[in-house]
Each structure stands twice: as C-alpha cells, then as structure tokens.
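A short write-up of the structure that comes next.
Read-outs: derived from the displayed coordinates by stated rules, not from any lab. It should be emphasised that the depicted structure is a prediction, and the values quoted were computed from it without experimental measurement. So basically every Cβ, Gly included, is an ideal-geometry build from the backbone, and we count neighbours across all protein chains shown.
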Amino acid sequence: MEHETIHPAAEHQTHHVTQPKVYYIVYCWLILFMALTIGASYINMGGGLNNLVAMTIAVIKAVLVVMFFMQVKSGTRLTWVWAAIGFIWLIFLFATLGDYMTRNWVHVPGW
Amino acid sequence: MSVEVAEEHGHHHDPHLQHQFQDMGQQNESYVVGMWTFLVTEIMFFGALFLAYTIYRGENPDVFLEAHHHLNVLAGGTNTVVLLTSSLTMAMAVYHAQMKNRSKQMMFLGITILFSFCFLGIKTVEWKKKFEDHHVPGPSFQYEIEGTAANKGPVHLSPAVETKAPASTKAVFPKDTVDLEYSAKAQLFFSLYFAMTGLHAFHVIIGILVMGTLFFMLMFKHPSVDYYMPVEMAGLYWHFVDIVWIFLFPLFYLIPSS
Amino acid sequence: MSATALPPGGIPARAGEQEPSYLTWSYTVKDWLLTIDHKRIAVLYLISISVMFLLGGFAAMMIRIELTSPHGQLLTSEVYNKMFTMHGVLMVFFFLVPSIPATLGNFCIPLMIGAKDLAFPRLNLLSWYLYTIGGLMALSAMIMGGVDTGWTFYTPYSSVYSNGNVSLTLIGIFIAGFSSIATGINFIVTIHKMRAPGMTWFRLPLFIWAHYTTSVIIVLGTPVVAITLALVVVERLLHLGIFNPALGGDPILFQHMFWFYSHPAVYIMILPSMGIISEIIACFSRKRIFGYSFVAFSSIAIGVFGFLVWGHHMFVTGQSMYTGMVFSALSFIVAVPSAIKVFNWAATMYKGQVWLTAPMLYALGFIGLFTVGGLTGLYLASLAMDVHLNMTYFVVAHFHFVMVGGATLGYLGGLHFWWPKITGRMYPEGWAKLAAGISFIGFNLTFLPQFVVGYLGMPRRYHYYPAEYQIWHVLSSAGASVLAIGYGIPLIYFLWSLKYGEKAGPNPWGAIGLEWQTASPPPMENFHEIPVVTWEAYAYDDETEHGAQEDRKDMPGTEAAVRQEAARDTEEGHPQGHPAAE
C-alpha cells in the first residue's frame, strides 16, 4: 500500500500527512476482513482452527488500524516501540494461562 | 532522542508552543508519545478482562457456546461496521485538521459522533433485550436451555448460599468437571459480556464527550483548535476504542462450535 | 545549631537580595492550588504524602501496642483487622508508591535533565488532585467504619462477604492509581524528549534511569490492578461476579490479576530509592558510580523481570505446582540485578573520599538493610521454605526490611540531600545524624525479632498468639517506639529549618548535577538559559576519559569553576561569593 506524503505549509510541522486515499483503501480491507470473520464462523473447521482464524483476522485488522489510521507506520520509532510494547506486555499477563493449563497435570494430594 | 537547540526562536513563536517546550517538533512528538503511553495503559486495562475471558471460556466451552447464541450477531456485526466507519471518518477529521480545513474537520467529527450514538443505540437495544430475558447477572438472573433440565430460578449471591463444594477446587482446562449449576456458569458468561461491553461503551461515551468538546471548540473558533494536535490525540483514542471492539466482536458473538 | 561544615567544593549562600524563587514569587492560595510548576506540585505532594504517612504510622502504632499482649487488650478482633488493613492500604497505595516519584521525582527530574518543566504540567497538577481525592475517599472509608479485608482484598471475602466499606476504599485506590499513571506518563515523555542538549542517555544521573524504569512499570502494571479492583467493586454493587466460586468463578484469578501489578509495585517503591542512593553515594564518595552502565541496565532488568515473578505470592494458595516452580526460579533471578547495584555502590566507595553526612548515613543504612531484606526474600522464594514461612511474621519482617529499611530510608536520605535545593535552607546536621542513628536502631529492634517469631510460627494478621511469642512482640513494639522517635525528630527539624535553618547556596554539597547549577531554591523557570551538557555523569575528581579537571572547568557550581569565578570577580571588581549559577 503506497501513500504519498506531503509537508503541510505550516512551519515547525514536519509531520507526515497520510492521504485520504490510503484511509479509504484500508477501510475497504477492514470491512472485507470483517465479512471474512463472520463467514468463517459459519464454516466448522474444528473449534481450535476456527478460533485461530478469527483471532488472526482480528490481529490483522488491529495492525491495519494501528499502522495506518493511527499513523504508526509513518510516525517516529519511539511511537512504534510504545505501540509494540503495549501489545507484547499482554503476553506476560497471559502467562497466567500457564497456571490453568498445568493445574491438572499430576494429581498431588493436598496441593 | 533528538538533540534540541538551546536558543529559543524568538522570531517564529508559534502561539501554540507551550512554555516547557523548545519548538513545535518537540511538542508534537511529546504529545503523540504521551497519548500512546496512555493507550498502553488502556491496552493493559482491557487486556486483563480479555485474560479473564480466555480463562473462563477455556474452562467452560460448552456453556459459553450455548450462552452466546442469545447474542444478536446482526446487531454485533452492524455495530462493527458502524465503528469501523467511524474510525474512517475520524481519520478524515484528523487529516482535515492537519490541512487546517475547519469546516471539513467539523463535518467529519460530526459524522463520527453520529456513528458513535448509533453504536450506543444498537447496544442499548441489545442490552434491553438481555434485561427482558433475565440475562442480566444478579438476583434477577434466570437461564433456561431448551431441551435440557437446566436450572430455573435465580442464583443468590448472599453469604447464606450454600456453595456446593465441588470434588476438586481446581478449575480444569479444557474439560470441565466442576459440579456447578449450568445457569451459574452462564451467569459468568453474561457477567463478562456486560463487564467488557460495558467498559467499552463507557469508553465510547468518553469519546463522544471529547469529540463533542472539540466540535464545539471548532464551532466557536477557540484558539486551541487552530492546532491539529488535540484532534489527532482524540483520533488515536478513538481508533483504540475501535480496536477493542475488533476483538470483542468475534470473541463474544462468533464463538465456533467444536 | 553550629554552622554546617561543607564538604569540599560546597558553595555557601551569598549574602544579600536574591531574585524571587519558585516559592516566593507569589503567596496566594490560587497560585499554589492552581500551579503548574513541577516544583510547587512536588511540595503539595510532600504535604499530602506526609499526612498519609502519619496516619498509616498511627495505625502501625495501634497494631504494635495491641501486640504487646497475647490476648488482645486494646482492640477487638474486628477492629484489629481494620487496623492492619488501614496500615497496609495507606502505606502501600498512598505512601510507598507515590512518595519518591511524586515528591523528589517531580522536583528533581526537570532540573536534572535541564528542562523548564515536565512535558505535561497540567497533567501533573491533575495527578496531585487525583491523589488527594483518592486519599480522601480511602480515609472516609476508614472513618466510616473501616475495611477488614487486608490490603490485598482477596476474594471472595472482599467481593461477597465483607461488610466493611470495601467499595469506597477501592474506588479511592482506583483514583490514586490514575494519579500514579499520570505521573508515569509525564516522566516517560519528559525523559525521552526534554533532555538538555548534550544530555545523552548515558550522561543521565542514575536517579533518572531509576525513575524512567519506575514509570514504565507504573504504566504497564497499574491498569491491571485498577481493573481488578474495579471488578471487585462491580461484583459488590452490581453482582457481576467474576471471582465468585458460586458462579464458577476462580478466586485465584483475582490473585493472579492483583499480584501482576502488586509485585511490580514493590519495584515501583524501591527503584526510585535506589536511584537516590546512587546519587548520594556518588556525591559523598566524590567518585563516579562504579559500573554506571551496569547499574543503569540493572534497573531495566529489575523492571522486566519484576513482571515475571508475581506467582511467588501464591505458592500456597492454589496455583499449579509447575507454575510455582517457574515463578520460584524467576524470583531467584530477579534478585541478581539488585545485588549488582549493591556491589557497585560498595565499589564506588572503595578509595573514594567518604564524607559521612546525614544523607550518606541513610544511604549506608539502606545498603545494609536492603541486603538483609533481599536475602530473606530468597528464603521466601524457595517453594519448600515458603510452605512453612508464608503468612507468618517472617514475610512481614522481609517486606518491612525492604520497604522501610530500603525505600523509606532512601526517601529520607533523598529529602535530606535535596532539602537545601527545595527550601533554600540547611537542616541541622547534628540532629540529622542523631535521628538517622536512632531510626536505624529502632528499625532493627522492631523488625529483627519479627524474623524470629515468624520462623517460630507466629501467623500474620493475628492479634491472639501463644504466650511464648510475647517476648519477641514486646521487643518489636519497643523498637517501634524508638523508630517513631527517629522519624519524629526530622519532622520537627525540617519544619524548624524552614524559618531558622541556615540559608543554603546553590551547591552546598559540591555535587555534580544540573540541579546544583541553579539557585537554591530554584527560580520558577529552573534555568535562565538551558545548559549544554559536555561532561559525563558523576564527573567527580577521579579518572575519566578526558580528565576530571578538564571536564569540570567549564561547569558552573564546582570547585574549579568557583575559583575561576572568584579570580574573575577580583579582576573585575565584583563582590566575592557570587554564586556561579547566575
């Protein structure tokens, strides 16, 4: 997806300005992916695969919004780092799942 | 990590330059980084709820699957389209803010606000239906499954309730052997549903207030909105609210049967 | 009190009129309550936080009096529960978490990096108001009858069964959490974007590295506890039960979500204190911190690993054994960066010129007490030991060693160190040293017996206990009285010094740092011109790449510069004692 950047006339602003065309294209993709998600939910691929597909599509949509609507792709590296850290840190939080998945591995009396 | 110039530009003093900043470039970047840092806190805020959802759905997959049929996919899907479109119009509002086009900014902000109200309206209709079906958690909760001998009647939360001590207090993942009434676990689904969509709706309301304030400031030509940054920051917030819904929608409305 | 003998390089105050400082340019209430000056906000925080500390200390006093007798003589069980909850809530959420960042951090960070203010001054003021509102709500809950759940609010007791003012307290904590987040956001953006020219990351004082890491932890962790506590409120008020086992909910999930923040929270409490210790030790050893980059990266390591160990609070409450093993191993690893810091501080003092001022005494106390606290944490991190030691006074002693012997001692040391900068006055050094000694003795007498009695089996949060534990409790309570005196003395002389303390010059300690190059107290805009930094951090008189004297000769406020200034003044016929900062 290409976009042109223009430098606005106002001084001191070296901000990249994403063109409206980019926004409309991304929007079309988002709607398409949404339709795909709904469609995929009606096809039974086995629970695990269905979940994987749904979450993958959701992640792709989120990345599109972050990169283009939120202009992270054309922003500074610091912005990008912060955007990434937020989502990565969720992984630490989801390490809690480890507890739930291992509770029943070996039945130790009283534990 | 840019190195800023020590002298101040006496001749190019942008009226929007705050006293603590050296130049507009530094100021703009600071605002964007600051807003993103705030959004990181929001990610962790919602993230904890997604964690709770993941755990409970993993433990009670059948209950969640069955209970989610009471949600209206059409309403949810429409709301998704509404929010995605509002994200587009918000991005356009930010573009016109950068282009310093006041009337187009106002137009797109106005449309975004209208879409937001539309979202809330559909949500209200959905919730009202839940209320009528007695699916709101609490003393009035009643859950029936067609064709099975499920529990009828409310589950009380007062301390007097005798909790049937299950054979094992461990929650097992994924097969559930915890001996609890079906309706109690369905109530868990609806608690999560209301907590998460409720928190999301609260954020939508805040978004409306912020966008509304910007709209009126533009209307009355308040000097702060000559500058595009407030609209851009509102835009970042709004896109985040959209992202939360992007995840909420499939998780609640499109649970696959296994 | 006699005049303070300054360390070498210390610059006395100049006589005569000075320009208005941030304290004196206006005295109206409006200009204080609506200020956006980070220095004034720091002072506002100092007042609110001190009030909270005193109230939390009052609760501690009640606990310790009660525990002198095995069968409870002062408080009923219900009131005792409310008392230790009040102590925990006020001390953790309203004192330890905000204390250093909101007071010394707010005050010093812009000065240390050569900025005029924080990135978002109005957000800073908002954070103080949020803190105050949250604090008032929590205090109202205490006054209206209190909470008896313990500061950890475990479910389902807190969410279903407790009859105390849980919701009000939790809402107060929730709001204070947002105050903390606001401060964190402000510091992160300020440190990234507002450093003076030439102030690269590796020229920053370690105080800044510590606060940067603390702010990242705040931003990543606080929202999780915020939503967790909000869910408890929602469960109480709206019956949306997520943690209620009667609905298939899991109380352990509450603990996971609660400790996911509350463990990193202890690093929020200790890291700023460690940053202060680095500053004090460098200054009063007249040496660059040994292994500067190791200390800087160890802060980051603590921040990252600190998020991976929360399960060590839950070894015996029902989480899986395998998860316990992983958390135990990680808890051992997280001790390593802290140990690195301790070694580096000790190495800094070796062959330095050590000057035992009051801040230095607090810093030395920190090193000893924090080490003991940290090592006892390793005992608790061992799964088998923890089965015996968990929920006993051993745990209580461990965290008080790190939180009081560590964080609070660092806070006091920092207050003493920067007091001249904040107020323009010196505190009385003799009394300060005495108070440091008294609080050190009192602290050890209070908490060392608690290790013993905990190991012997005394559970925490109980006020009835077998008679054979009484001797340890009595020793501990006696120590607490001494500790109270040790805290009371600074309270008195700090207030005294505001009016009667000797006036301080811009750099009474002869320290290196941008904050020492402006007047004491600083003018409202901090610096008349933003400095350009060409020297390394802690460029004291020892070997550097460029040679210390070379680095320092153009740095105002130092001995070399003072001599230059004096020489120039004599030539030009200016009065002596002209502060170099102007």
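See the values below:
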read-out: Eligible lysines near C:K287 by straight Cα distance, threshold 19 Å, same-chain separation 8 or greater; value: C:K341, C:K351, C:K553
read-out: R0 of 60 Å, Cβ-Cβ distance B:K221-A:T56: FRET efficiency to nearest 0.05; value: 0.85
read-out: Inter-part distance where the range C:407-469 and the range B:31-89 are each reduced to a Cα centre, Å; value: 47
read-out: Residue order, fewest to most surrounding Cβ atoms within 10 angstrom, among B:M107, B:M35; value: B:M107, B:M35
read-out: Inter-site label distance for B:L65 and C:T24 at 7 Å from Cα along Cβ, in nm; value: 7.8
read-out: Hz values of 3J(HN,Hα) by residue in the range C:489-505 - Karplus curve (6.51, -1.76, 1.60), Gly and Pro given as x; value: 4, x, 4, 5, 6, 5, 5, 4, 5, 4, 9, 10, x, 5, 5, 9, x
read-out: Between helix C:77-91 and chain C: long-axis angle, C-alpha atoms, 0 to 90°, nearest 10; value: 30
read-out: Cα long-axis angle, helix C:121-143 against chain C (0 to 90 degrees, to the nearest 10); value: 40
read-out: Value of [θ]222 nm, deg cm²/dmol, for chain C, DSSP H segments ≥ 4, -39500 (n - 2.57) each, nearest 500; value: -20500 deg cm²/dmol
read-out: Alpha-carbon centroids, the range B:119-141 and the range A:41-106: separation in whole Å; value: 29
read-out: Inter-label distance for B:F202 and A:V63, nm, one decimal - labels placed 7 Å from Cα along Cα-to-Cβ; value: 3.2
read-out: Förster radius 35 Å - calculated FRET efficiency between A:V81 and C:I65 (Cβ-Cβ, nearest 0.05); value: 0.10
read-out: Nearest-ten-degree value, helix C:358-381 long axis tilted from longest Cα axis of chain C; value: 30
read-out: Rg/Rg_globular for the protein assembly as shown, with Rg_globular taken as 2.2 N^0.38 Å and Rg from C-alpha atoms; value: 0.98
read-out: Evaluated at q = 0.14, 0.18, 0.19 Å⁻¹: base-10 log I(q)/I(0), Debye formula over Cα of the range C:324-472; value: -0.79, -1.08, -1.14
read-out: Proxy reagent accessibility, fewest Cβ within 10 Å first, across C:K351, B:K185; value: C:K351, B:K185
read-out: Charge dipole (the protein assembly as shown, unit charges on Cβ, about Cα centre) - positive-most of B:H69, C:G135, C:G454; value: B:H69
read-out: Computed over chain C: relative contact order in percent, which uses C-alpha pairs under 8 Å that are six or more apart; value: 20
read-out: Loop-located chymotrypsin sites (Phe, Trp or Tyr not before Pro) in the range B:192-258 whose Cβ has at most 10 other Cβ within 10 Å (DSSP); value: B:F220
read-out: Karplus-derived HN-Hα couplings along the range B:68-77 (A = 6.51, B = -1.76, C = 1.60, θ = phi - 60°), whole Hz, x at Gly and Pro; value: 6, 5, 7, 8, 9, 5, 5, 4, x, x
read-out: Ranked C:M83, A:M70, criterion: other C-beta atoms within 10 Å, fewest first; value: C:M83, A:M70
read-out: Given charges at Cβ of Lys, Arg, Asp, Glu: the protein assembly as shown dipole, positive-most of C:F284, B:G138, C:I302; value: B:G138
read-out: The protein assembly as shown, dipole about Cα centre (Lys/Arg Cβ +1, Asp/Glu Cβ -1), debye to the nearest 20; value: 1060
read-out: Cα centre as origin, Lys/Arg/Asp/Glu Cβ charges: the range B:28-111 dipole, Debye; value: 600
read-out: Residue-span extension gain [C:H388 to C:A478] - 0.36 nm each, minus C-alpha spacing; value: 29.7 nm
read-out: Calculated FRET value between B:H19 and B:F131, using beta carbons and R₀ = 60 Å, to 0.05; value: 0.70
read-out: The range B:32-96 - convex hull of the alpha-carbon atoms, volume per residue in Å³; value: 89
read-out: Lys/Arg +1, Asp/Glu -1 at C-beta; the range C:54-179 dipole; positive extreme among C:S69, C:P110, C:F58; value: C:P110
read-out: Whole-number percent relative contact order across the range C:308-464, with pairs defined as alpha carbons under 8 Å at least 6 apart; value: 28
read-out: Chain C: C-alpha gyration tensor shape, a/c 1.5 cut-off, then a/b vs b/c; value: prolate
read-out: Alpha carbon centroid spacing (whole Å) that separates the range C:294-336 from the range C:96-156; value: 26
read-out: More than 15 Å apart - percent of Cα-Cα pairs taken over the range C:134-208; value: 65
